[in-house]
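Presented below is the structure to which this report refers.
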Amino acid sequence: MARTVHLVGYYATAQVCTRGHVATSSLEEYPHNSETFCSRCGATTVTSCPRCKASIRGYYNVPGVFAVYGYTPPSYCFNCGAAFPWTAERIEAAQELADEIDGLEPDERRLLEKSIDELTKDTARTNLAAVRYKK
């Protein structure tokens, strides 16, 4: 019978600018990579959710295990479900873009705006939203 091994780890704190650029995915291990302002776009950086102050989840550390992977900052806070600033900005920009599209009926525009919000989530409706957006 196969044994399942559960490795206990912890999330490091990530530092991300308000536009979504990652300064570091492990602030505790690499404090020298921290930035007050983003070196790519000049926006301020954050290490916690603006709404509930929970730390932004960064690299998942498992003591004794070495792994190399790319880090993408989360879109939503694990603790309160709020959209992070970079997610909210992307949604707002996409909705503004939808407003610029000529020839949409009011019902089509509302459906498109609703679909834009769904595109940022990983749910059963994400694929449907993508199809609507492409149309």
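Only loop residues by DSSP count here, and only those with at most 14 other Cβ atoms within 10 Å; note down the chymotrypsin sites (Phe, Trp or Tyr not before Pro) in the stretch 1-106 that meet that. Before the final figure, lay out the partial values.
Numbers: sites: 10, 11, 37, 59, 60, 66, 69, 71, 76, 78, 86; in loops: 66, 69, 71, 78.
Qualifying residues, ordered by number: 66, 69, 78.
For the chain, what does the helix formula give at 222 nm: sum of -39500 (n - 2.57) over DSSP H segments with n ≥ 4, over the residue count, nearest 500 deg cm²/dmol? Could the numbers behind the result be given before it?
Details: 3 runs with 39 residues, N = 135.
After summing the helix terms and dividing by residue count, I get -9000 deg cm²/dmol.
Full extension from residue 41 to residue 60: what is 0.36 nm times the residue separation minus their Cα-Cα distance, to one decimal in nm?
Details: separation 19, 0.36 × 19 = 6.84 nm, distance 2.63 nm.
Gain in length upon complete extension: 4.2 nm.
Using the crude model of +1 on Lys and Arg Cβ and -1 on Asp and Glu Cβ, and no other charge, please compute the dipole size for the chain relative to its Cα centre, in debye to 20.
Values: 15 positive and 16 negative charges, 112 e Å.
About 540 debye.
Could you check how much of the accessible area of the chain is carbon and sulfur, as a whole percent, using a 1.4 Å probe? Display every interim value, and only then the final one.
On the way: 4840 of 9340 Å².
Of all accessible area on the chain, carbon and sulfur atoms account for 52 percent.
For the stretch 40-106, take every pair of Cα atoms, bin their distances at 5 Å starting from 0, and report each bin as a whole percent.
3, 13, 17, 17, 15, 13, 9, 6, 3, 2, 1, 0
To test your reading of the geometry: what angle, between 0 and 90 degrees and rounded to tens, separates the Cα axis of helix 85-100 from the longest principal axis of the chain?
So the helix axis and the longest Cα principal axis differ by about 20 degrees.
Filter the trypsin sites (Lys or Arg not before Pro) in the stretch 1-102 to those in DSSP coil with at most 13 other Cβ atoms within 10 Å of their Cβ, and list the result. Show your work: numbers first, answer last.
On the way: sites: 3, 19, 40, 51, 53, 57, 90; in loops: 3, 19, 40, 51, 53.
Passing both the DSSP loop test and the Cβ count: 3, 40, 51, 53.
Quote the charge dipole size of the stretch 19-79 about the Cα centre in Debye, to the nearest 20; the model charges only the Cβ of Lys and Arg (+1) and of Asp and Glu (-1). Let's see the in-between values first.
Details: 5 positive and 3 negative charges, 57 e Å.
Charge dipole of the stretch 19-79: 280 debye, to the nearest 20.
Decide, for the stretch 1-60, between rounded, prolate and oblate: order the square roots of the alpha carbon gyration tensor eigenvalues as a ≥ b ≥ c, take rounded if a/c falls under 1.5, and otherwise choose prolate if a/b is larger than b/c, else oblate.
Here the stretch 1-60 falls in the prolate category.
Please tell me the relative contact order of the chain in percent, rounded to the nearest whole number, where contacts are Cα pairs under 8 Å and at least six residues apart.
Details: 183 pairs, mean separation 26.2, N = 135.
Once divided by the residue count of the chain, the mean separation gives 19 percent.
On a 0 to 90° scale, report how tilted helix 106-119 is relative to the longest principal axis of the chain, with both axes built from alpha carbons and the result rounded to the nearest 10.
Between the helix axis and the principal axis of the chain, the angle is about 10 degrees.
Under a 5 Å amide H to amide H cut-off, with H placed in plane at 1.01 Å, what residues pair with residue 71 once short-range neighbours are removed?
none
How big is Rg to Rh over the chain, alpha-carbon atoms, Rh as the Kirkwood inverse-mean-distance radius?
Working: Rg = 18.5 Å, Rh = 17.1 Å.
Looking at the chain, the ratio lands at 1.08.
The values are calculated or read from the model by the stated rules, or taken from the named source; none is laboratory data. Computed from a prediction, not measured in an experiment: that's the story for all the values here. For neighbour counting, all protein chains shown are included, and Cβ atoms are generated from backbone atoms with ideal geometry for every residue, glycine included. Each accessible area value is taken on the protein alone, full model and side chains, heavy atoms only, with ligands, DNA and RNA left out. Shrake-Rupley method; radii C 1.70, N 1.55, O 1.52, S 1.80 Å.
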